[in-house]
Structure formats: C-alpha cells, structure tokens
Amino acid sequence: MAELASDGSSPDVALLYDINGLAEQAPPWFDRVMEFTGEYGIPLLTVLVVLWCWWSVRRRGSFADSVTAVTGIVWAPLAAGVALLVNVPIRGFVERPRPFEDHDGLEVLVEGKTDYSFVSDHATLTMALAVALFVAHRRFGLAAIGLALAEGFTRVYMGVHYPTDVVGGFALGTAVALLLAPPALALLTPLVRTVGRSRRGAWLVRSRRAAALAAAPHETVGIPEPRLGGPAEDGHGEKGLAA
C-alpha cells in the first residue's frame, strides 16, 4: 500500500506540499509554536473542553439530565481509546511510510517519527473525543470538533502526515464514536446512575449545590406564612382589646 504516497502528482501530495510550504515561509518561532500545538497543545485543549463540559453539566438540569450527559462524557475518552486500538491493525495492514520518507523538500518540524503514517493517531484521538462529546453536549462538542480540525491541519503543516492520513483519522474516530455509542451508553448509563446515587461518588455526576437546590422545598421568599386562626386565636385580637 506504500504506492499510495509514491505519485508526486496526486492531489494528496500536492496538498501536502501546499500546506507544508507554509512552514517553510513562516518564521522559526511560529514553527515552534505549531510544533508544540500539534503535538501536545490541541490534544490537551480537547481534554480540557471535555472536563469543562463535565463540570458544567453536573451543575445544571435534573438528575436524569446529569446522568445522560455525564454518561456521554465518560464515553468520549473510551471512544478515543478504542479508536486508537482499532488503528493499530490498520497501520500494520496499510504500511504507508511517512511523507518525508518518500518526498524531498518537506519542512519536517518533528523528528523521530519512524512508525507508519496512515492513519493519524492525533487526528483519530481528537475527532473521537469531539464526536463523542457532541453526542453528549452540542455546544462543547462543536468546540471540540473545531479543535480536531485544527489538529489535522497541524499534522500536515508539520510534514508528518498526508492529508488523507488526517481524513482517515477523522473518519475512524467518528465511526467508532458514533457506531459504538448505543451499546456503550446502554452499558454505562446504569453505572453512572449508581455512582450518582452513591454517597461518596455522587459529586462526580451532580454537584452538591445542584442536588441541594433540587431537594429543597419550594418556598416563597420574603412573604410570611398566613396565620390560619387570625389574631383572636392567641388572645390578642379585637376581643382581647375590648375586654
């Protein structure tokens, strides 16, 4: 399958040179920023978005809403892990070399990449996280999908992946996150519900403040309760004064 990358006139290789050519024109400090961003920054930001989503959903809505949302959030890192495992045999089957091994003139920002190129682990990881998070929460999921797309761009910019490696990673992450979501959520929901009702782990599913507000009786603040018997009942009403 190495011939996928051998044709220098293919649109895949042409787009690789176009995007990677930006690294050659950029100042050195910008390339260092892109290197850190592509290797560590965007994956870390995606994880932080997942954690932010968890922190948010456990503070709002009903207990059932929190259980549903937190279950989806728990599925996100599991989906990413499953997608990376699925990628192991795919890489071994395709055996596509890194682009800098077959093509000259590339600006390679990360040295030491000796494994196969198809599909991109970084693209797979970030997109699986993002799509699974989108199932749980649309707004946070869209933010994570935007980060995943940016991650794919950086992998080509750094010269370590072909564009089709990135597209393949996006497809693999999306497929795992969506196709395995129904059975995964069915298995995880009872577990998350049990944790949410436990004494020690309830805060993981629902914040203590949200739980306290839901359990508090509905009271009208600032309005005293009426006295059913009226003032005469305690001996200080009109009859008492007349006497």
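Values as computed for the structure displayed
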item: Candidate set from region 109-120 (those that are hydrophobic (A, V, I, L, M, F, W, C) and in contact (Cβ under 8 Å) with a residue 60 or more places away in the chain); member that is nearest to LEU22 (Cα to Cα); result: LEU109
item: Test result for ASP115, surrounded by fewer than 17 Cβ atoms within 10 Å (Cβ to Cβ) and either touching a helix residue (DSSP H, G or I) at 6+ places or on another chain (Cβ under 7 Å) or at pLDDT below 90 (or both); result: yes
item: Residue satisfying all of: in region 35-61; surrounded by fewer than 17 Cβ atoms within 10 Å (Cβ to Cβ) and among the aromatic types (Phe, Trp, Tyr); farthest from LEU109 (Cα to Cα) among these; result: TRP55
item: The lone exception for ALA123 - which of (1) part of a loop (DSSP other than H, G, I, E, B); (2) without any contact (Cβ under 8 Å) to a residue 60 or more places away in the chain; (3) surrounded by 16 or more Cβ atoms within 10 Å (Cβ to Cβ) it fails; result: (1)
item: Pick from region 151-167, criterion over 8 Å from ALA123 (Cβ atoms) and not β-branched (Val, Ile, Thr), ranking: surrounded by the most Cβ atoms within 10 Å (Cβ to Cβ); result: TYR162
item: Output for region 189-208, where each listed residue is more than 16 Å from SER62 (Cβ to Cβ) and either more than 21 Å from the chain's Cα centre (by Cα) or buried (at least 18 other Cβ atoms within 10 Å of the Cβ) (or both); result: PRO190, THR194, VAL195, SER198, ARG199, ARG200, GLY201
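Yes/no per residue for (1) at pLDDT 85 or above; (2) farther than 19 Å from LEU129 by Cα:
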residue: ARG60; (1), (2): no, yes
residue: VAL70; (1), (2): yes, no
residue: TRP75; (1), (2): yes, no
residue: ALA83; (1), (2): yes, no
residue: ASN87; (1), (2): yes, no
residue: GLY92; (1), (2): yes, yes
residue: ARG98; (1), (2): yes, yes
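The values are calculated or read from the model by the stated rules, or taken from the named source; none is laboratory data. This is a predicted model, so every value here is computed, not measured. Here Cβ is always computed from backbone atoms with ideal geometry, including for glycine, and neighbour counts include all displayed protein chains.
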